[in-house]
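Engineer: I'd like to ask you about the structure that follows.
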Amino acid sequence: MKAVLLNTTLKRGTDASETEQLLHEATKILQREQIDTNRIHLRDFHISFGITDRLDGDDDWPFIFNKIKEADIVIIGTPISMGEKSSIASLILERLQGYQKLQNKKGQSLFYNKVSGVVVAGAKEDGGRSAAQSIFYQLSMIGFTIPPHAHATYEGRHESGQEEAVDISRDHVALDNIERMTYNLIHFAELFKFHPIPTLGNVIES
């Protein structure tokens, strides 16, 4: 199986961030279970705006989209600032919305039989759960499956604002949530490998 982890922090890939540390912990579990894993730091790519399925090569989106299309598991990581997910997270969700009419080989949504999770880095009472809810709703509407407990939050920051370079590996609550999320994603992805969603009643009409 394959997994792709999308880091939507506003920090560059060379800078430490809480979001990257959360995704790193999930990556360790995926690799331990022999899942082919890619982690993409989206801030370092050029992605055009728009709700479109156009892949014209003007930016880096075709590379990113192909990784999502190939993956069985998709995890989105976002920081929280002022109660909202990052602007890059919103951008990625808008781009994916452009593919909601595209079909897999069975005529279903292109994203059927893919599972998704969300990791959120923010301060306490900073809107992390609301941001995860927003991401999950948008992913569900285009065909992703959301398993139980598919959300992990780090709330160690003292106040809302810029992400910090902290050691999340000592936050047992965050680590427990990441472990439960990651294994549930693996379990559901394995289920879909053997028992994909039936086509009865959910084929997209051309």
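Engineer: So, in the stretch 65-90, how many residues would count as being in a helix (DSSP H, G or I) and out of contact with any helix residue (DSSP H, G or I) (no Cβ under 7 Å at 6 or more places or on another chain)?
Structural biologist: Here the count works out to 8.
Engineer: A further question on this structure: Taking the criterion of being under 16 Å from the mean Cα position of the chain (by Cα) and assigned to a loop (DSSP other than H, G, I, E, B), would at least one residue in the stretch 10-33 satisfy it?
Structural biologist: yes
Engineer: Here's a check for you: in the stretch 91-101, which residue that is in a loop (DSSP other than H, G, I, E, B) and under 26 Å from residue 186 (Cβ atoms) is modelled with the highest pLDDT? Don't jump to the end; show me each part of the working.
Structural biologist: Let us first name the residues in the stretch 91-101 that are in a loop (DSSP other than H, G, I, E, B), namely 98-101.
Adding the requirement that they be under 26 Å from residue 186 (Cβ atoms) leaves 99-100.
Details: 99: 91, 100: 87.
Restricting to residues being in a loop (DSSP other than H, G, I, E, B) and under 26 Å from residue 186 (Cβ atoms), the top hit is 99.
Engineer: Out of all the residues in the stretch 1-14, which are in contact (Cβ under 8 Å) with a residue 24 or more places away in the chain and of a type outside the set (Gly, Ala, Ser)? If you could, list the steps in order and put the result at the bottom.
Structural biologist: Initially, the stretch 1-14 is screened for residues in contact (Cβ under 8 Å) with a residue 24 or more places away in the chain, giving 1-13.
Of everything in the stretch 1-14, those that are in contact (Cβ under 8 Å) with a residue 24 or more places away in the chain and of a type outside the set (Gly, Ala, Ser) turn out to be 1, 2, 4, 5, 6, 7, 8, 9, 10, 11, 12.
Engineer: A further question on this structure: Within the group 86, 90, 109, which residue is of a type outside the set (Lys, Arg), under 12 Å from the mean Cα position of the chain (by Cα) and on the phi < 0 side of the Ramachandran plot? Please lay out each step first, then the result.
Structural biologist: Details: 86 fails: under 12 Å from the mean Cα position of the chain (by Cα); 109 fails: under 12 Å from the mean Cα position of the chain (by Cα).
None of the others qualify; the one that does is 90.
Engineer: Before we move on, is residue 169 modelled with pLDDT under 90, assigned to a helix (DSSP H, G or I) and not acidic (Asp, Glu)?
Structural biologist: Values: modelled with pLDDT under 90: yes; assigned to a helix (DSSP H, G or I): yes; not acidic (Asp, Glu): yes.
Yes; evaluated as a whole, the condition is true for this residue.
Engineer: Right, something else. Looking at the stretch 113-138, which of the residues that are modelled with pLDDT under 95 and among the basic types (Lys, Arg) is surrounded by the most Cβ atoms within 10 Å (Cβ to Cβ)?
Structural biologist: My answer is 129.
Engineer: Within the stretch 70-91, identify whether any single residue is touching a Lys or Arg at 6+ places or on another chain (Cβ under 6 Å), of a type in the set (Gly, Ala, Ser), touching a residue at least 12 places away in the same chain (Cβ under 8 Å) and surrounded by 23 or more Cβ atoms within 10 Å (Cβ to Cβ), and answer yes or no.
Structural biologist: yes
Engineer: Separate question: Looking at (1) on the phi > 0 side of the Ramachandran plot; (2) modelled with pLDDT of 95 or more; (3) not β-branched (Val, Ile, Thr), find the lone condition where residue 195 falls short.
Structural biologist: Condition not satisfied by residue 195: (1).
Engineer: Could you tell me whether residue 21 is under 24 Å from residue 121 (Cβ atoms) and surrounded by fewer than 13 Cβ atoms within 10 Å (Cβ to Cβ)?
Structural biologist: On the way: under 24 Å from residue 121 (Cβ atoms): yes; surrounded by fewer than 13 Cβ atoms within 10 Å (Cβ to Cβ): no.
No: the conditions fail for residue 21.
Engineer: Being under 18 Å from residue 144 (Cβ atoms) and surrounded by fewer than 21 Cβ atoms within 10 Å (Cβ to Cβ) is the filter here, so list the residues in the stretch 38-67 that pass it.
Structural biologist: Listed by number, the residues that qualify are 38, 40, 51, 53, 64, 65, 66, 67.
The values are calculated or read from the model by the stated rules, or taken from the named source; none is laboratory data. As the structure is a prediction and not an experimental result, all values here were calculated from the model. Note that each Cβ is placed from the backbone with ideal geometry, even for glycine, and that neighbours are counted across all protein chains shown.
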